[in-house]
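S.K.: Shown below is the structure under consideration.
The numbers here are math on the coordinates, done by the rules we state, and not lab data. All values derive from a computational prediction rather than experimental measurement. For neighbour counting, all protein chains shown are included, and Cβ atoms are generated from backbone atoms with ideal geometry for every residue, glycine included.
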Ligand SMILES: Nc1ncnc2c1ncn2[C@@H]1O[C@H](COP(=O)(O)OP(=O)(O)OP(=O)(O)O)[C@@H](O)[C@H]1O
Ligand SMILES: [Mg+2]
């Protein structure tokens with residue numbers, strides 16, 4: 001289960017509370033924080049010194065319940081040494097001092113990759129019954145979910161070529177340029193990582209295994225970001241099965257200031273209903289203080305799920321399909337909240353490239369589509385239908 005949403009909406013509280021509830025039903029549960037600015041241990045009010053001693057590893061937070069905050073520097077020591085040392089060497093050569101080079105060599109996406117490695121391992125080894133992911137704010141969680149596809153693409157299209165080229169040019173280039181070239185270890189390291197990530201893509205996109213829940217608040221800007229997140233997660237074949245609206249004012253507020261806020265919220269709650277239906281919407285009330293510690297989180301979770309089991313799949317829908325419609329080959333994407341003017345389609349080789357705003361998605365097409373060209377796109381209900389026809393020659 002993956003809980004994502006805009007900064008500060010309550011993802012950590014929802015993820016923590018969900019973990020507590022599943023652990024209490026006897027399921028061995030891990031709540032993992034993907035956010036480099038961790039706050040999971042704070043929400044659980046865990047002992048800092050214990051966290052520091054077990055840096056980056058799961059620690060027990062209750063019966064059947066573990067909490068893990070990834071530590072990207074630890075991960076680099078474990079898995080990324082070659083890649084990391086090559087990049088810091090490169091930065092060093094370009095005149096940046098050691099410490100800064102070390103810091104800069106933490107590439108964007110490393111947290112996400114480390115998390116994927118862990119998840120894949122935990123699932124393979126069947127270590128936990130439930131893994132709850134507390135995501136970083138939306139942009140990073142989109143990167144997290146795109147990572148396997150991006151990596152697959154890189155390995156197929158770039159990596160093999162790069163390795164080959166370096167194999168040829170290294171002896172010559174050594175004599176000609178000052179920049180260090182990656183050693184074979186660097187490539188071996190990446191290849192090893194890639195192997196260990198095998199299958200994680202299927203895991204994340206299998207609706208029976210992974211559910212994404214978007215956490216939001218009844219406010220205009222937050223809802224807007226939730227709609228965008230919805231579209232991006234759909235693009236990445238993940239199954240969003242519920243929306244969680246947090247910080248809802250209790251009803252029946254008195255006159256005045258809070259009443260105005262309350263009415264405003266009601267407007268956005270209604271709007272959320274029209275945006276996200278038929279997905280179920282769960283609501284959590286605004287508390288009079290922060291939600292800290294096991295007991296508070298449990299109470300929050302009970303309020304949120306109202307007796308429903310959070311491990312169930314609340315909604316099933318395929319984000320995209322390849323289909324034949326009236327004899328035409330069609331790519332059918334479930335893309336709510338998109339308007340036609342936003343969409344830009346192109347095809348290069350066997351890839352369909354869909355651009356929406358400044359977001360881009362490459363879909364590798366099956367052979368039958370790859371020889372055709374995207375001809376027409378139309379929106380029908382919440383689906384984007386891209387018709388393929390003719391031949392690309
Ligand atoms: N319903 C609520 N009532 C009162 N306080 C809340 C509620 N939900 C969350 N909070 C508080 O708001 C703060 C932010 O919540 P939380 O850390 O869960 O958000 P987040 O989405 O994980 O934030 P970030 O994007 O920074 O990781 C915390 O102090 C939390 O205790
Ligand atoms: Mg958080």
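S.K.: Just round it to a whole percent: the fraction of Cα-Cα distances in region 236-393 exceeding 28 Å.
M.R.: Taking all Cα-Cα pairs of region 236-393, the fraction more than 28 Å apart is 44 percent.
S.K.: Using 15 Å as the cut-off for backbone N distance, which residues of region 213-240 belong to the label zone defined by a point 7 Å from the Cα of residue 264 along Cα→Cβ?
M.R.: 217-224
S.K.: Find, to one decimal place in angstroms, the Kirkwood hydrodynamic radius of region 320-389, where the mean of 1/r is taken over every pair of different Cα atoms and then inverted.
M.R.: Answer for region 320-389: a Kirkwood hydrodynamic radius of 12.1 Å.
S.K.: May I pose another question? Pop a pseudo-label 7 angstrom from the Cα along the beta-carbon direction at both residue 316 and residue 367 and give the gap in nm to one decimal.
M.R.: Roughly 3.1 nm, to one decimal.
S.K.: By how many nm would the segment from residue 302 to residue 81 lengthen if fully extended, with 0.36 nm per residue of separation less the alpha-carbon distance? Show your work: numbers first, answer last.
M.R.: On the way: separation 221, 0.36 × 221 = 79.56 nm, distance 4.36 nm.
That works out to 75.2 nm of additional length.
S.K.: While we're on this one: Set the Förster distance to 51 Å, then compute FRET efficiency between residue 220 and residue 188 from the Cβ-Cβ distance, nearest 0.05.
M.R.: For R0 = 51 Å, the calculated efficiency reads 0.50.
S.K.: Tell me the label-point distance for the pair residue 196, residue 24, using the 7 Å Cα-to-Cβ offset, in nm and rounded to one decimal.
M.R.: 3.6 nm
S.K.: Same structure again: Describe numerically, in nm with one decimal, the distance between label points set 7 Å from Cα along Cα→Cβ at residue 254 and at residue 47.
M.R.: Here the modelled spin labels are 4.5 nm apart.
S.K.: Here's something else I'd like to know. Could you give me the radius of gyration and the Dmax of region 194-326, taking only the C-alpha atoms into account and expressing both in angstrom?
M.R.: Just the Cα atoms of region 194-326 yield Rg and Dmax of 17.8, 61 Å.
S.K.: Let me ask something else. Separation of region 192-266 and region 368-383 by C-alpha centroid, Å?
M.R.: Value for the Cα centre distance between the two parts: 28 Å.
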